[in-house]
1. On a full-extension model of 0.36 nm per residue, what is the gain between SER92 and MET1, subtracting their alpha-carbon distance, rounded to one decimal in nm?
2. What percent does the relative contact order of the chain come to when contacts are Cα pairs within less than 8 Å and at least six residues apart?
3. Report Rg (one decimal) and Dmax (nearest whole number) for region 12-51, counting Cα atoms only, units Å.
4. If packing is taken as the average number of other Cβ atoms within 10 Å across a peptide's residues, how do 49-59, 63-73 rank, most packed first?
5. Whole angstrom only: what separates the Cα centroid of region 65-132 from the Cα centroid of region 1-49?
6. Mind putting a number on the dipole of the chain about its Cα centre? Charges go on the C-beta only, +1 for Lys and Arg and -1 for Asp and Glu, and I need it in Debye to the nearest 20.
7. Please give the per residue volume of the convex hull enclosing the alpha carbon atoms of the chain, rounded to a whole number of Å³.
8. Strictly under 4.7 angstrom between C-beta atoms: which cysteines of the chain have no such partner?
Amino acid sequence: MPLIREPRRLNPLLRVGIALSERVTGRRMEPARLLAWYPRAAIGSGVLESLVSHREPSARLLKLVRVTASLTASCAFCIDMNSFRAAEAGVSADELTALQRGTEDDIVTLTERERTAIAYARAISSTPLVFDDDLTAALSRHFTEREIVILATTAAQVNYWARTIQALGIQPAGFCTSPGARR
């Protein structure tokens with residue numbers, strides 16, 4: 001049960017945005033509905049969501065980063081949503097399980113570039129933030145400056161949603177059946 005109920009009346013602009021997001025996801029988007037209590041936060045969150053990269057550097061790499069950030073932040077809703085349709089992005093069930101267990105080094109299908117992105121997402125999503133010299137060197141070796149910014153903002157976006165969703169007590173929406181997505 002969430003911490004608060006959704007408002008009875010929705011701002012007309014928000015109602016359209018929520019309907020669109022629910023149509024795209026096929027799920028009731030409780031985070032958007034609860035943010036409707038403060039339309040500026042809802043609109044800002046919607047803009048943030050619409051402007052992040054979904055394909056660059058690759059859909060697979062971004063899926064790995066999103067799932068890793070979700071798992072590190074321990075957000076059941078985020079794990080549920082970001083694990084959804086992982087296979088369509090080229091992420092296998094074995095890879096998801098390895099991310100959940102923190103054993104991705106045992107998975108031969110992950111490239112060094114992907115392992116570096118996963119380590120970066122974990123570092124971004126952990127407290128305190130620590131980026132050791134080996135990680136920063138690997139980032140510079142495997143990614144362009146633009147790609148590093150995309151990885152950083154992708155993980156940060158997941159962390160924004162994780163904290164907001166957890167603070168409002170929102171439960172998973174049933175996007176997938178990943179064990180880490182259940183409470």
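1. Result for the pair: 29.6 nm of gain on full extension.
2. Computed over the chain, the figure is 34 percent.
3. 9.2, 25
4. Result, highest mean first: 63-73, 49-59.
5. Value for the Cα centre distance between the two parts: 27 Å.
6. Numbers: 23 positive and 19 negative charges, 240 e Å.
About 1160 debye.
7. 116
8. Flagged as lacking a Cys partner: CYS176.
Where a number appears in this text, it was derived from the coordinates with a stated rule and is not lab data. Worth saying up front: this structure is predicted, and the values here are computed from it rather than measured. In this analysis, Cβ positions are derived from the backbone assuming ideal geometry, glycine residues included, and neighbour counts consider all displayed protein chains.
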